[in-house]
1. Inside region A:80-119, can you point out the residues that are aliphatic (A, V, I, L, M), assigned to a helix (DSSP H, G or I) and more than 12 Å from DNA strand B (Cβ to nearest atom)?
2. How many residues does region A:67-79 contain that are away from DNA strand B (no atom under 16 Å from the Cβ) and within 15 Å of A:LEU49 (Cβ to Cβ)?
3. Return only the number of the condition from (1) in contact with a Lys or Arg (Cβ under 8 Å, 6 or more places away or on another chain); (2) away from DNA strand C (no atom under 16 Å from the Cβ); (3) at pLDDT below 95 that A:LEU173 does not satisfy.
4. Within region A:38-84, can you find the residues that are of a type in the set (D, E, K, R) and within 16 Å of DNA strand C (Cβ to nearest atom)?
5. Any idea which residue in region A:7-42 is nearest to DNA strand B (Cβ to nearest atom), counting only those that are within 12 Å of the chain's Cα centre (by Cα) and over 30 Å from A:CYS204 (Cβ atoms)?
6. Any idea how many residues of region A:120-136 are more than 7 Å from DNA strand B (Cβ to nearest atom) and closer than 16 Å to A:GLY184 by Cα?
7. Could you tell me whether any residue of region A:150-163 is within 14 Å of DNA strand B (Cβ to nearest atom), farther than 19 Å from A:LYS8 by Cα, hydroxyl-bearing (Ser, Thr, Tyr) and modelled with pLDDT of 85 or more?
8. Examine region A:43-61 for a residue that is within 19 Å of A:ALA83 (Cβ to Cβ), within 16 Å of DNA strand B (Cβ to nearest atom) and touching a Lys or Arg at 6+ places or on another chain (Cβ under 8 Å), and state whether such a residue exists.
Amino acid sequence: MWRQIYDKLRAHFPDFSVDDWWGITDPFARMAGSILVQNTAWTNASQALEQLEQAGLCKPELLARANREEVAAVIRSAGFQQAKSAALIRLAQWIVQKGGMEDLLSSAASVDELRRELLGLKGIGPETADTILAYALGRPAISGDAYSRRLYERLTGKELGYEGIRLGMLHELRQAEELQQLHGLIVEHGKSICRKREPLCRQCLFRDSCLAARAT
DNA sequence: GCCCAGGTGGGTA
DNA sequence: TACCCACATGGG
């Protein structure tokens, strides 16, 4: 089903581009953004990321040695700054330990190995790890986030959970580029017209097969 | 004022 | 394993 969803979203958003959606191409900035956006609106995370860049801390080598309190103050607008500042520093230290971004980007390690290592860092859970793997490291990965789970639930009437959604998507779309687009498209579609508090998604692309829409 | 946003970790039963 | 809650800010 994810293939059909992907095709439908692609057809509806022909101009969608992952780079435009992120608004950032730098791999480390995308990693930092993945942490900053945890349970936070992107507008807030984006401001924090800008502050981090202006403070000259958006580089793993510098962030790895930065003072946590200082980082917390800089990223304040993203909220959860105590936890997020610590997670950012741990991530930076991990990258340095890996020999830096260049080495990490060309690492021979498998996507599963890298995923395990990322999940071992406190403050990086499944969604953040998969976002980092997909959008910063260009690996075939995708997160089964809230938008995807809601979409699945509305189309099938079943709840799958993060892993079920993730593995289903990985099984149907194996290329890193397609997975990157699928997740971005689902978030964009979900954000603009399929809101939690609007069960009757009038503009929803999947309205015909949406159980929530039928029920109303 | 209230709800929510591209979660995570720690605690309890 | 399955819930429950704290964590913090800014926009609608």
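1. Applying the first criterion (aliphatic (A, V, I, L, M)) to region A:80-119 yields A:83, A:86-89, A:91-92, A:95-96, A:101, A:104-105, A:108-109, A:111, A:114, A:118-119.
Narrowing the set further to residues that are assigned to a helix (DSSP H, G or I) leaves A:83, A:86-89, A:91-92, A:95-96, A:101, A:104-105, A:111, A:114, A:118-119.
Answer for region A:80-119, where residues must be aliphatic (A, V, I, L, M), assigned to a helix (DSSP H, G or I) and more than 12 Å from DNA strand B (Cβ to nearest atom): A:LEU88, A:ILE89, A:ALA92, A:ILE95, A:VAL96, A:MET101, A:LEU104, A:LEU105, A:VAL111, A:LEU114.
2. Going residue by residue through region A:67-79, those that are away from DNA strand B (no atom under 16 Å from the Cβ) are A:67, A:69-71, A:73-74.
Among the residues that remain, those that are also within 15 Å of A:LEU49 (Cβ to Cβ) are: A:71, A:73-74.
Residues meeting the conditions: 3.
3. Checking A:LEU173 against (1) in contact with a Lys or Arg (Cβ under 8 Å, 6 or more places away or on another chain); (2) away from DNA strand C (no atom under 16 Å from the Cβ); (3) at pLDDT below 95, the one that fails is (3).
4. If we filter region A:38-84 for residues that are of a type in the set (D, E, K, R), which is where we start, we get A:50, A:53, A:59, A:61, A:65, A:68-70, A:76, A:84.
Hits for region A:38-84 are A:GLU50, A:ARG68, A:GLU69, A:GLU70, A:ARG76, A:LYS84.
5. Top of the filtered list is A:ILE35.
6. Summing the residues that are more than 7 Å from DNA strand B (Cβ to nearest atom) and closer than 16 Å to A:GLY184 by Cα in region A:120-136 gives 5.
7. Within region A:150-163, one or more residues are within 14 Å of DNA strand B (Cβ to nearest atom), farther than 19 Å from A:LYS8 by Cα, hydroxyl-bearing (Ser, Thr, Tyr) and modelled with pLDDT of 85 or more.
8. Checked against the condition, which is being within 19 Å of A:ALA83 (Cβ to Cβ), within 16 Å of DNA strand B (Cβ to nearest atom) and touching a Lys or Arg at 6+ places or on another chain (Cβ under 8 Å), region A:43-61 yields at least one hit.
The values are calculated or read from the model by the stated rules, or taken from the named source; none is laboratory data. Predicted model only: the values in this text are computed from it and were never measured. Quick reminder, even Gly has a Cβ in these numbers, built from the backbone with ideal geometry, and neighbours come from all protein chains shown.
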